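This report concerns only the one structure given below.
The values are calculated or read from the model by the stated rules, or taken from the named source; none is laboratory data. Computed from a prediction, not measured in an experiment: that's the story for all the values here. Reconstructed Cβ throughout: ideal geometry from the backbone, glycine too, with neighbour counts over all protein chains shown. Surface areas here come from the heavy atoms of the whole protein model, side chains and all, with no ligands, DNA or RNA. Shrake-Rupley method; radii C 1.70, N 1.55, O 1.52, S 1.80 Å.
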Amino acid sequence: MKTSALLLAFALPLSAGAAEMRFTGQATPLNGDNLLYEERHVVTGKCTDGLFRPASHNVTYVRSNGEPFAEKTLSYEQSTLRPAMTFRQPGFNEVMEIRNRDDATLEIEWQTPEGDTENSTVEVTRKLVADAGFDNLVRNHWPEVTSGDRIEFNFLAPTRGKAYGFVLEPAKDDRINATHTVLIEPSSTILSFLVDPILLGYNDNGALTDYLGLTNIRKDKDSNYTAHIRYAVDTAPDCELTR
């Protein structure tokens, strides 16, 4: 019986087991190469029918001297596009938390650097994307992304407690050396004057290689870093990221 059980375990397809993806991002200024900080990502999930489905995501932010200074945890239990999220920047006494309630509403609690607490609720729609969900949005629409189609979605601005219309479309930019480059920008002309676009780079496997734009890391109490983050995969799951 023990031998049979052991053989059965080895015979089970890999798609039934847990999987993990680790990648590291190095953030530099747009006009410089000095390291601002490093992101260390660990995404756990499962390979289901040969496709990776993320379940949880941890990010540790580290200074150039190796000292951790911020942390983010995400859960994709309710939705891969709208993860529950907790983000802490202790140096600014800031905590941002997004709770996904049965994928019907998102509850936001923001402890600001000024010491105030702001709460808001956003109703979930099919097009709503929150935080790192944009990465899964790209992979979920990989055939459209690689064929040059335009994708419309609503992106959550948690500090404002609202969602705004955005578009994702192919782009070309000499600053990004990637197989696929896409641009995320507001769909509203008025909002486009206030919000700078974000550039993303991906390789053929659907892994993020570049992020160029405004980050969630504070430069000071009143502003965040704008940076070019270059990503490298350390450990990939034994299944596909896209299909």
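Residue check, Asp135 against (1) outside any strand (DSSP E or B); (2) of a type in the set (Asp, Glu); (3) surrounded by fewer than 15 Cβ atoms within 10 Å (Cβ to Cβ), all met but one. Which one?
(3)
Any idea which residue in the range 31-52 is farthest from Tyr76 (Cα to Cα), counting only those that are assigned to a strand (DSSP E or B), touching a residue at least 24 places away in the same chain (Cβ under 8 Å) and among the charged types (D, E, K, R)?
Glu38
Looking at (1) of a type outside the set (D, E, K, R); (2) over 29 Å from Gly161 (Cβ atoms); (3) out of contact with any Phe, Trp or Tyr (no Cβ under 8 Å at 6 or more places or on another chain), find the lone condition where Ile98 falls short.
(2)
Those residues that are open to solvent by 60 Å² or more (accessible area, probe 1.4 Å) and outside any strand (DSSP E or B), I need them from the range 204-235; list them, please.
Asp204, Asn205, Lys221, Asp222
Residues are listed down the side, and each one gets a yes or a no for (1) of a type in the set (D, E, K, R); (2) within 28 Å of Gly91 (Cβ to Cβ); (3) open to solvent by 60 Å² or more (accessible area, probe 1.4 Å):
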residue	(1), (2), (3)
Ile108	no, yes, no
Thr117	no, yes, yes
Asn140	no, no, yes
Thr146	no, no, yes
Arg150	yes, no, yes
Asn177	no, no, yes
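Would you mind stating whether Leu200 is open to solvent by less than 40 Å² (accessible area, probe 1.4 Å) and under 16 Å from the mean Cα position of the chain (by Cα)?
So Leu200 fits the description; yes.
I'm trying to understand the selection: among the residues of the range 70-98, which are among the charged types (D, E, K, R), assigned to a strand (DSSP E or B) and surrounded by 18 or more Cβ atoms within 10 Å (Cβ to Cβ)?
Lys72, Arg88, Glu94
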